[in-house]
Amino acid sequence: MSAPVAVTPGVQLRVVESADIAVVAGAVVAHAVRNAPEGVLGIATGRTPERLYAELARLAAGGLDCSRLTIAALDEYVGLAADDPRSYRSYVMAKIAAPLGIPAESVLMPSAGVDGARFDDVLAARGGVDLQILGIGRNGHIGFNEPGSAIDSATRVVELTASTRADNAEYFGGDADAVPTHAATQGIGTILRARHVLLLASGESKLAAVRAAIGGAVTADVPASALQTHRDVVVIADTAAAGPR
Ligand code: F6R
């Protein structure tokens, strides 16, 4: 593992072996859980954090008490039933809530049926997100804030880009056309209100997005670049995603 590098005053990059991302990130999350056992943990779905969630399940089995957390998802597809196995609620319940002993009533999901501003109010009423786990899209999206999303955007329904639908086709039998066209997502403004942010990135397909997010200008063209305006972001990436340094 190389030493953490301060990329901006608020953004720190740690480059680790791919296989170590889950353990290093797990230690960061465990620290946050011990500090705020009744706090709000913001979670991403998708491929990147899956091994982190397995690591958290291992830590929970070993005594880390996650059961009193509230978990807040970043996003959810529009048009899938909540119990559809391809819905993010299904992912969250199976891979995070159940293994960590978190009851369904402590799981917050943005949804098309709930006014986005109200979702943001619920987060605020629960004390705000302590630690937000993020992945990053090849196009630089965070949550489903696609390029062009405003830095102060609130939770809302968005249209997914063709590249995002293609990237998620594997969950829909390989058919990009079967991926929902819209999703409810926490806004960039919502994400930036989290006290701490942990962005995970793995693999060469994320290299350009990671470079632009932490090394380029802050621009709506690269939604993750908004994280440069946050004061406490840790990026944990493998060499393929971070590039030579
Ligand atoms: C998922 C989410 C997305 C993913 C991103 C990367 O809740 O908000 O921003 O984090 O699309 O997905 P993976 O990890 O599958 O490459």
**Request:** Kindly indicate the residue of region 117-129 that is surrounded by fewer than 20 Cβ atoms within 10 Å (Cβ to Cβ) and under 17 Å from A32 (Cβ atoms) and also nearest to the chain's Cα centre (by Cα) among those meeting that condition.
**Result:** G128
**Prompt:** What are the pairs, 6+ residues apart or on separate chains, where a residue within region 218-241 that is farther than 20 Å from S18 by Cβ has its Cβ under 6 Å from a residue that is buried (at least 18 other Cβ atoms within 10 Å of the Cβ) and polar (S, T, N, Q)?
**Reply:** V218/S225; V218/Q228; T219/S225; P223/N145; P223/S149
**Members of region 120-140 found to be part of a loop (DSSP other than H, G, I, E, B) and among the aliphatic types (A, V, I, L, M), listed by number** = V129, I136
**Request:** State whether one or more residues within region 197-210 are closer than 18 Å to Q228 by Cα, touching a residue at least 40 places away in the same chain (Cβ under 8 Å) and either surrounded by fewer than 20 Cβ atoms within 10 Å (Cβ to Cβ) or not hydrophobic (A, V, I, L, M, F, W, C) (or both).
**Result:** yes
**Asked** Can you spot a residue in region 49-67 that is within 12 Å of the ligand (Cβ to nearest atom), under 19 Å from L160 (Cα atoms) and either modelled with pLDDT of 95 or more or touching a Ser or Thr at 6+ places or on another chain (Cβ under 7 Å) (or both)?
**Response** no
**Request:** Determine which member of the set D232, D221 is surrounded by fewer than 23 Cβ atoms within 10 Å (Cβ to Cβ), closer than 24 Å to A6 by Cα and either in contact with a Pro (Cβ under 6 Å, 6 or more places away or on another chain) or aromatic (F, W, Y) (or both).
**Result:** D221
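Name the single residue, out of those in region 141-159 being in a loop (DSSP other than H, G, I, E, B) and within 10 Å of the ligand (Cβ to nearest atom), that is surrounded by the fewest Cβ atoms within 10 Å (Cβ to Cβ). Walk me through it before giving the result.
Filtering region 141-159 for residues in a loop (DSSP other than H, G, I, E, B) gives 141, 143-144, 146-155.
Those still in the list that are within 10 Å of the ligand (Cβ to nearest atom) too: 141, 143-144, 146.
Numbers: H141: 27, G143: 30, F144: 26, E146: 21.
Of everything passing the filter in region 141-159, E146 is surrounded by the fewest Cβ atoms within 10 Å (Cβ to Cβ).
What number of residues within region 81-95 are more than 11 Å from the ligand (Cβ to nearest atom), touching a strand residue (DSSP E or B) at 6+ places or on another chain (Cβ under 9 Å) and part of a helix (DSSP H, G or I)? Explain how you work it out, then say what you get.
Going residue by residue through region 81-95, those that are more than 11 Å from the ligand (Cβ to nearest atom) are 81-87, 89-90, 93-95.
Now drop any that are not touching a strand residue (DSSP E or B) at 6+ places or on another chain (Cβ under 9 Å), which leaves 82, 84, 86-87, 89, 93.
Now narrow it down to the ones that are part of a helix (DSSP H, G or I): 89, 93.
Final tally of qualifying residues: 2.
May I ask you to say which residue of A166, A176 is surrounded by fewer than 23 Cβ atoms within 10 Å (Cβ to Cβ) and within 13 Å of the ligand (Cβ to nearest atom)?
Values: A176 fails: within 13 Å of the ligand (Cβ to nearest atom).
Result: A166 is the single residue among A166, A176 that is surrounded by fewer than 23 Cβ atoms within 10 Å (Cβ to Cβ) and within 13 Å of the ligand (Cβ to nearest atom).
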**Message:** Taking the criterion of being assigned to a helix (DSSP H, G or I), of a type in the set (S, T, Y) and within 11 Å of the ligand (Cβ to nearest atom), would at least one residue in region 100-117 satisfy it?
**Reply:** no
**Request:** Could you please find all residues in region 168-182 being in contact with an Asp or Glu (Cβ under 9 Å, 6 or more places away or on another chain) and either modelled with pLDDT under 95 or assigned to a helix (DSSP H, G or I) (or both)?
**Result:** A169, A176
**Message:** Quick check on region 191-212: of everything there that is within 12 Å of the ligand (Cβ to nearest atom), part of a helix (DSSP H, G or I) and small (G, A, S), which residue is nearest to A124 (Cα to Cα)?
**Reply:** A209
**Request:** Kindly establish whether T70 is of a type in the set (S, T, Y), modelled with pLDDT of 95 or more, in contact with a strand residue (DSSP E or B) (Cβ under 7 Å, 6 or more places away or on another chain) and more than 15 Å from L131 (Cα to Cα).
**Result:** no
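The values are calculated or read from the model by the stated rules, or taken from the named source; none is laboratory data. Predicted model only: the values in this text are computed from it and were never measured. All Cβ positions, even for glycine, are placed from backbone atoms using ideal geometry, and neighbour counts span all protein chains on display.
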